Amino acid sequence: MTRLTGSALRVTVFVGESDTWHHRPLYSEIVHRAHAAGLAGASVFRGIEGFGASSLVHTARLLSLGEDLPVAVVIVDTAERVRAFLPQLDELVEEGLMILDECEVILPKPPAGGVPLVGRKRAERGGWGARSGAEPGQRESEQGEREK
């Protein structure tokens, strides 16, 4: 997995949910190609309403058919790697829109001591058995034996 921080380039590809590439959802093909190319990350976001070049509004509302909802595929990596991937997008995307944005990647600061936040809170409570009255590091099943 590529860890990316600092300056980056984001490409957002807007397509329809029903768009396909060789009988596979187009958004899935884009994500799998980005993964195969070793890019830092790609995500797919399904829209609930939108329109594009056709000016036809697609919506997920109950009384509507909800066909061909908008989908955004967002890919982030260094400018060089994203630009090298653009020819693949040109091959795949026949209708839709692609946007390039310069961005900055900021990763969350690791917690002190390297313990995830959930683990820290659990440790502050005395471990897994804290709610049952067990000593920190003691299993709940051992508590009954200690009290006998």
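Within segment 1-44, which residues are of a type outside the set (A, V, I, L, M, F, W, C) and within 14 Å of the chain's Cα centre (by Cα)?
R10, T12, Y27, S28, H32, H35, G41, S43
From the list L107, L117, exactly one residue is exposed (fewer than 11 other Cβ atoms within 10 Å of the Cβ) and modelled with pLDDT of 65 or more. Which is it?
It is L107.
Filter segment 1-36 down to the residues that are farther than 12 Å from V76 by Cα and either part of a loop (DSSP other than H, G, I, E, B) or among the aromatic types (F, W, Y) (or both) and list them by number.
Matches in segment 1-36: M1, F14, E17, S18, D19, W21, H22, H23, Y27.
How many residues, within segment 41-52, are more than 14 Å from V73 (Cβ to Cβ) and not in a strand (DSSP E or B)?
The qualifying residues number 3.
Does D101 satisfy being at pLDDT 95 or above and touching a Ser or Thr at 6+ places or on another chain (Cβ under 9 Å)?
Here the answer is yes, as D101 does meet what is asked.
With G38, G96 as the choices, which residue is modelled with pLDDT of 95 or more and on the phi > 0 side of the Ramachandran plot?
That would be G38, the only listed residue that is modelled with pLDDT of 95 or more and on the phi > 0 side of the Ramachandran plot.
Within segment 33-49, which residues are more than 21 Å from H22 (Cβ to Cβ), surrounded by fewer than 15 Cβ atoms within 10 Å (Cβ to Cβ) and either of a type in the set (G, A, S) or not assigned by TED's automatic domain parsing to the domain that holds R10 (or both)?
G38, S43
The values are calculated or read from the model by the stated rules, or taken from the named source; none is laboratory data. A quick note: this is a predicted structure, and the numbers were derived from the prediction, not measured. Positions of Cβ are backbone-derived with ideal geometry, glycine not excepted, and every protein chain shown enters the neighbour counts.
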